[in-house]
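The values are calculated or read from the model by the stated rules, or taken from the named source; none is laboratory data. Everything numeric here is computed off the predicted structure, so don't read it as measured data. In this analysis, Cβ positions are derived from the backbone assuming ideal geometry, glycine residues included, and neighbour counts consider all displayed protein chains.
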Amino acid sequence: MKMPQKFNTYCPFCRNHQQHEVEKVKKGRTSGLHWIDRQKARRSTVGSMGKFSKVPGGDKPTKKINIRYRCKKCGKAHLRAGFRVAKFELTE
Ligand SMILES: [Zn+2]
């Protein structure tokens, strides 16, 4: 998909629509550790990792991308949930 570099969208800091600039980021929003991560952490010290020893499966056909939206007015950036897209381009 193509996405404009700058567009008007809602800024949660200004609480209204402002012009935003788009930046691509590696890591998206995280909601801390999930139960599976804690379970994995407990087993990763010694011995078999149990079900976590499995080799991960093949790649998905598309990659999830994460976009950061930076408000031009207040300079603060916010994230939104990432989405899957085959090709991502920023346009003027
Ligand atoms: Zn703002």
Next on the checklist: For ARG43, only one of the following conditions fails: (1) closer than 30 Å to HIS78 by Cα; (2) of a type outside the set (Gly, Ala, Ser); (3) free of Cβ contacts under 8 Å to residues at least 60 places away in the same chain. What is its number?
Outcome noted: (1)
Checklist entry - For the subset of the stretch 70-92 comprising residues that are more than 9 Å from the ligand (Cβ to nearest atom), in contact (Cβ under 8 Å) with a residue 60 or more places away in the chain and surrounded by 12 or more Cβ atoms within 10 Å (Cβ to Cβ), which member is nearest to ARG29 (Cα to Cα)? => result VAL85
Next on the checklist: For the stretch 44-85, which positions are farther than 30 Å from HIS17 by Cβ and among the aliphatic types (A, V, I, L, M)?
Outcome noted: VAL46, MET49, VAL55
Checklist entry - What number of residues within the stretch 1-11 satisfy the criterion of being within 15 Å of the ligand (Cβ to nearest atom) and either without any contact (Cβ under 8 Å) to a residue 40 or more places away in the chain or surrounded by fewer than 11 Cβ atoms within 10 Å (Cβ to Cβ) (or both)? => result 3
Checklist entry - Among the residues of the stretch 14-29, is there at least one that is exposed (fewer than 10 other Cβ atoms within 10 Å of the Cβ), within 16 Å of the ligand (Cβ to nearest atom) and of a type in the set (D, E, K, R)? => result yes
Checklist entry - Within the bounds of the stretch 48-66, is there any residue that is surrounded by 12 or more Cβ atoms within 10 Å (Cβ to Cβ), at pLDDT 85 or above and within 16 Å of the ligand (Cβ to nearest atom)? => result no
